[in-house]
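Visitor: Before we start, here is the structure in question, set down as structure tokens.
The values are calculated or read from the model by the stated rules, or taken from the named source; none is laboratory data. What you see is a predicted model, and the numbers here were worked out from it, not measured in a lab. Note: ideal-geometry Cβ built from the backbone for every residue, glycine included; neighbour counts use all protein chains shown.
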Amino acid sequence: MAFTSKEKFEKFNDKIWLSSPTMHSESMKYVMEAYETNWMSTVGANINEVERIAAETSGTKYAVGLSCGTAALHLCMKLAGERLYGKPQVGVGALNGKRVFCTDMTFNATLNPVVYEGGIPVFIDTEYESWGMNPIALEKAFEMYPEVKLVVYAELYGFPGNIKKIKEICEKHGVLLVEDAAEAMGATWESKQCGSYGDYGVVSYNGNKIITGSAGGCLLTDSLEDANQARKWSTQARENAPWYQNEEVGYNYRMSNVIAGVIREQYNHLYEHIAQKKAIYERYKEGLKDLPVQMNPFDETKAEPNYWLSSLLINEDAMCKQVRSEMEALYISESGKSCPTEILEAIASINAEGRPIWKPMHMQPMFRMHEFVTVKGSGRAKTNAYIAGEIKNIGADIFHRGLCLPSDNKMTAEQQDRIIEVIKACFE
Ligand SMILES: *Cc1c(COP(=O)(O)O)cnc(C)c1O
């Protein structure tokens with residue numbers, strides 16, 4: 001980044017980010033090793049080590065190092081699609097025309113790969129207990145679409161929901177589960193790692209995740225055959241012949257050995273980063289305890305979050321009027337009440353970065369015609385869930401009342417206290 005003035009540089013460095021990379025200079029050793037040995041491509045000791053450590057950390061048998069979490073999710077969808085429906089013709093997606101049950105309130109990268117493979121996402125509403133997929137709505141979805149064979153589940157902000165229950169529902173119906181643990185590396189449900197419950201799992205090393213290589217991701221699986229297939233696809237699907245022999249479509253999705261050097265070392269800091277994120281969460285919880293809000297919910301007896309993004313939900317009766325169109329938000333401030341838009345503005349005014357909750361997929365214009373299943377039943381996705389002033393489902397409600405708070409590991413206690421003060425002021 002080019003800075004035009006010293007002040008601008010200082011302002012940039014002063015900013016309290018939502019979640020920025022937390023780097024450790026020790027990783028330069030592995031990066032330099034890649035330079036010195038000239039393993040600068042997508043082969044080398046760093047990649048092998050990342051795969052070993054990723055599998056060991058997540059408790060799966062195999063990990064495949066890839067360019068990003070989204071690429072890993074794409075290969076998960078291909079593996080699942082081919083296992084379920086057989087190898088498609090060239091030019092036809094592995095999930096072509098098939099409905100897939102997907103987490104509704106998440107980053108679009110969770111389910112874009114379903115669409116890459118021609119699948120049709122059917123969105124499953126959220127639960128208040130974890131902000132993840134609602135198991136009751138999932139059961140309802142199976143009553144309505146018994147032909148569905150694949151479920152895509154994402155843990156939200158590093159706070160696991162009952163993925164064990166979701167897995168049991170999948171097993172009961174004989175379907176495959178893809179688990180997007182991109183935000184939840186190191187988090188557990190009943191002491192088992194997120195990313196290891198699915199038939200296929202994914203972790204990400206994107207710049208804002210709990211550990212990072214600047215980019216990167218791993219596909220997790222217990223199947224050696226599937227791990228090898230994913231690795232082959234990720235390196236242009238070259239066959240074992242003296243020339244470039246091709247029997248199927250390939251991708252350039254392999255992890256770089258330079259980036260792997262950074263990731264490899266970052267794993268040494270995973271639990272240190274989690275402890276820092278937890279301290280941030282606890283400080284918010286304590287600092288905001290007198291306000292009409294709650295922090296990210298989780299089952300304290302079963303879930304151990306990684307606390308990636310601290311978020312809050314404003315009580316219904318403490319919400320001032322807030323209206324969001326497709327592109328803009330308006331609110332009317334009111335004494336004793338507030339709303340995410342007002343709080344995000346207040347946080348931004350002290351040069352800190354918050355963010356709205358992931359806008360649910362069923363509210364996105366591109367998925368307007370897709371089916372959406374709530375605990376009450378199904379219908380077409382509604383894009384204007386609350387323009388008429390009526391909140392129609394749990395995801396829309398959490399989006400309406402919730403927001404992510406600055407959760408950067410490098411934020412000082414004083415900086416965080418200032419954020420807490422401006423949030424309190426919103427309710428005065
Ligand atoms: C970050 C993220 C991804 C994508 O990971 P990349 O490595 O950025 O491609 C997928 N799903 C969720 C839920 C994420 O937060």
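Visitor: Could you please find all residues in the range 256-292 being in the same structural domain as Phe399 (by TED's automatic domain parsing), more than 20 Å from the chain's Cα centre (by Cα) and buried (at least 22 other Cβ atoms within 10 Å of the Cβ)?
Guide: Matches in the range 256-292: Tyr284 only.
Visitor: Name every residue in the range 98-122 that is among the aromatic types (Phe, Trp, Tyr) and over 16 Å from the mean Cα position of the chain (by Cα), in order of residue number. Lay out the reasoning, then the answer.
Guide: First, the residues of the range 98-122 that are among the aromatic types (Phe, Trp, Tyr): 101, 107, 116.
Hits for the range 98-122 are Phe101, Tyr116.
Visitor: Could you please find all residues in the range 374-428 being hydroxyl-bearing (Ser, Thr, Tyr), at pLDDT 80 or above and out of contact with any Asp or Glu (no Cβ under 7 Å at 6 or more places or on another chain)?
Guide: Here is the first cut: in the range 374-428, the residues hydroxyl-bearing (Ser, Thr, Tyr) are 374, 378, 383, 386, 407, 412.
Narrowing further to those that are at pLDDT 80 or above: 374, 407, 412.
Within the range 374-428, Ser407, Thr412 meet the criteria.
Visitor: Failed condition for Ala94, given (1) part of a loop (DSSP other than H, G, I, E, B); (2) within 15 Å of the ligand (Cβ to nearest atom); (3) in contact with a Pro (Cβ under 6 Å, 6 or more places away or on another chain), with all others met?
Guide: Here Ala94 meets the rest and fails (2).
Visitor: A further question on this structure: Kindly list, by first and then second residue, each pair from a residue in the range 175-198 that is within 21 Å of Lys278 (Cα to Cα) to a residue that is more than 14 Å from the ligand (Cβ to nearest atom) and hydroxyl-bearing (Ser, Thr, Tyr), limited to pairs with Cβ atoms under 6 Å and residues at least 6 apart or on different chains.
Guide: Gln193/Ser58; Gly195/Ser58
Visitor: Mind listing whichever residues of the range 58-93 are polar (S, T, N, Q) and within 18 Å of the chain's Cα centre (by Cα)? Don't jump to the end; show me each part of the working.
Guide: Of the range 58-93, the ones polar (S, T, N, Q) are 58, 60, 67, 70, 89.
Answer for the range 58-93, where residues must be polar (S, T, N, Q) and within 18 Å of the chain's Cα centre (by Cα): Ser58, Ser67, Thr70.
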